[in-house]
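Asks: Before I ask anything, let me first share the structure, which is written out below as structure tokens.
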Ligand code: NAD
Ligand code: ZN
């Protein structure tokens, strides 16, 4: 008899996800089978839950969702040499090809053929996931299952924050969502001087204050330029990390940067937006778009930083058994939470 597992499926063309029973995946010679311990709910999962325009185009019905996970290896493909049964792990959710120029040059994160776990192929909101051994990342003992489950978004934060030299620099982060807050923690760890993080949601800024030593600004009620004067920033911020996807935040960032300032942009604007290009030109600003994590350099740096004291644990604000997933999604939908962890062992 085929062994079955619980999993969260996008089964209908309407709002929601559905807990179902499906056969445990069969693995190929280059794969491992991972028993999931914990998963994180991501903004992407919320898009899929809401069944918005993007997800209707990007996601096929019937897919198992989720891509932020930790677990342990319970089966190993015939050709996999360097992984062992029982190894705790997380994994890179971008499945890359090996044909493109970028992939063949080793810049895997730039591969245009990338497929997303839990978006284009069956994901991690399940008791088991099949993953190519190549995508598996071993977890050292010092990294908990909970932190293991949020290495994907922490990786977004690390990739963005380490895109430009931050040592001694003044850094502006727009958007105090979980990723913006973790980016502030990384910037602090990496040796930035002043770190200012903005949001329009006070709950998010309160969470930021709880996680990291940074100055928070609610741009609905406080002036960013006043904060800059208080910090004695005469010209502006050296580096901006855009983590909100809001065009208002992006334009505010451009105005608040020094001449020759740099922006790493992770936030995804929901549609085409208006940008003051002349300011960008006259200020000679460099803008870098960030997608995913550098495979696997971001993972390497992230794990080393966590082992050396980077602490983002307080960004996790709720943990629930997987069967109570609706509670987790509803908390996320309310907009003020940090990371929410689902436990698949219970
Ligand atoms: P989130 O939605 O939880 O956080 C975004 C925050 O920005 C919210 O707290 C919101 O209140 C705030 N915000 C809105 N308008 C603002 C403004 N004018 N000024 C300052 N803050 C404002 O998102 P998250 O999960 O932390 O992710 C951050 C961003 O990164 C999102 O846009 C997400 O879509 C994007 N993302 C991109 C990638 C990638 O690979 N490029 C990966 C993951 C997430
Ligand atoms: Zn994610």
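Asks: Tell me the label-point distance for the pair residue 345, residue 120, using the 7 Å Cα-to-Cβ offset, in nm and rounded to one decimal.
Replies: Label-label distance for residue 345 and residue 120, simple model: 3.3 nm.
Asks: Give me the tail of P(r) for region 164-289 as a percent: Cα-Cα pairs with distance above 17 Å.
Replies: Value for region 164-289: 52 percent of Cα pairs lie more than 17 Å apart.
Asks: For helix 325-334, report the angle its Cα long axis makes with the longest principal axis of the Cα atoms of the chain; keep it between 0 and 90° and round to the nearest 10°.
Replies: 10 degrees
Asks: Okay, next question. If r is the Cβ-Cβ distance from residue 318 to residue 213 and R0 is 30 Å, what FRET efficiency results, to the nearest 0.05?
Replies: Using R0 = 30 Å, I get an efficiency of 0.80.
Asks: Take the alpha carbon atoms of region 27-77, find their center, do the same for region 177-208, and report the distance between the two centers in whole angstrom.
Replies: Their Cα centres are 27 Å away from one another.
Asks: For region 164-289, calculate the relative contact order in percent as a whole number, restricting contacts to Cα pairs under 8 Å that are 6 or more residues apart.
Replies: Once divided by the residue count of region 164-289, the mean separation gives 24 percent.
Asks: Return the Cα extents of the chain along principal axes one, two and three, sorted largest first, each rounded to a whole Å.
Replies: 70, 40, 37
Asks: Another question, if that's okay. Using a Gaussian network model on the chain with a 10 Å cutoff between Cα atoms, which of 165, 52, 31 fluctuates the most?
Replies: So, out of 165, 52, 31, the one fluctuating most is 52.
Asks: Using the basic label-point model (7 angstrom from Cα toward the beta carbon), what is the residue 234 to residue 12 distance in nanometres?
Replies: 6.4 nm
Asks: Given contacts defined as C-alpha pairs under 8 Å and at least six residues apart, what's the relative contact order of the chain, whole-number percent?
Replies: Result for the chain is 17 percent.
Asks: For each of 101, 193, count neighbouring Cβ atoms within 10 Å of the residue's Cβ, then give the residues from fewest to most.
Replies: Least to most surrounded, the residues fall as 101, 193.
Asks: Test of understanding: what is the full-extension gain from residue 282 to residue 311, defined as 0.36 nm times their sequence separation minus their Cα-Cα distance?
Replies: 6.6 nm
Asks: For region 241-346, what size does the Cα cloud have along each of its three principal axes, sorted from largest down, in whole Å?
Replies: Rounded to whole Å, the extents work out to 56, 34, 22 Å.
Asks: Hey, another quick one. Return the distance in nm (one decimal) between the two label points of a simple spin-label model at residue 165 and residue 98, each offset 7 Å from Cα along Cα→Cβ.
Replies: Distance between the two pseudo-spin positions: 3.8 nm.
Asks: If one takes the longest principal axis of the Cα atoms in the chain, at what angle in degrees, from 0 to 90 and to the nearest 10, does the Cα axis of helix 202-211 lie?
Replies: 80 degrees
Asks: Please arrange 234, 318, 324 by counting, for each residue, the other beta carbons lying within 10 Å of its beta carbon, fewest first.
Replies: 234, 324, 318
Asks: Running a GNM on the chain with Cα contacts under 10 Å, which residue among 19, 228, 253 ends up with the highest mean-square fluctuation?
Replies: 228
Asks: As an exercise, find the ratio Rg/Rh for region 1-147 from alpha-carbon atoms, using the Kirkwood inverse-distance average for Rh.
Replies: Computed over Cα atoms, the ratio is 0.97.
Asks: Length gain on complete extension for the stretch residue 20 to residue 84, per 0.36 nm per residue less the alpha carbon to alpha carbon distance?
Replies: 20.1 nm
Asks: Here's something else I'd like to know. Suppose the Debye formula is applied to equal point scatterers at every Cα of region 11-98; what is log10 I(q)/I(0) at q = 0.12, 0.18, 0.19, 0.22 Å⁻¹?
Replies: -0.47, -0.95, -1.02, -1.19
Asks: Taking the alpha carbon gyration tensor of region 279-320, what are the square roots of 5 times its eigenvalues, largest first, to the nearest whole Å?
Replies: They are 31, 16, 12 Å, listed from largest to smallest.
Asks: Which FRET efficiency value, to the nearest 0.05, do you get for residue 4 and residue 60 by plugging their Cβ-Cβ distance into 1/(1 + (r/R0)^6) with R0 = 25 Å?
Replies: The formula returns an efficiency of 0.70 here.
Asks: Taking Cα atoms, how many degrees apart are the long axis of helix 247-256 and the longest axis of the chain, rounded to 10 and kept between 0 and 90?
Replies: Approximately 40 degrees, to the nearest 10.
Asks: While we're here: For the chain, what is the calculated [θ] at 222 nm in deg cm²/dmol (nearest 500), taking -39500 (n - 2.57) for each run of four or more DSSP H residues and dividing by its residue count?
Replies: That comes out to -8000 deg cm²/dmol.
No value in this document is a laboratory result; all are computed from the given coordinates. Predicted model, so just to flag it, every value in this text is computed and none were measured. Methodologically, a virtual Cβ is constructed for each residue, glycine included, from the backbone with ideal geometry; neighbour enumeration extends over all protein chains shown.
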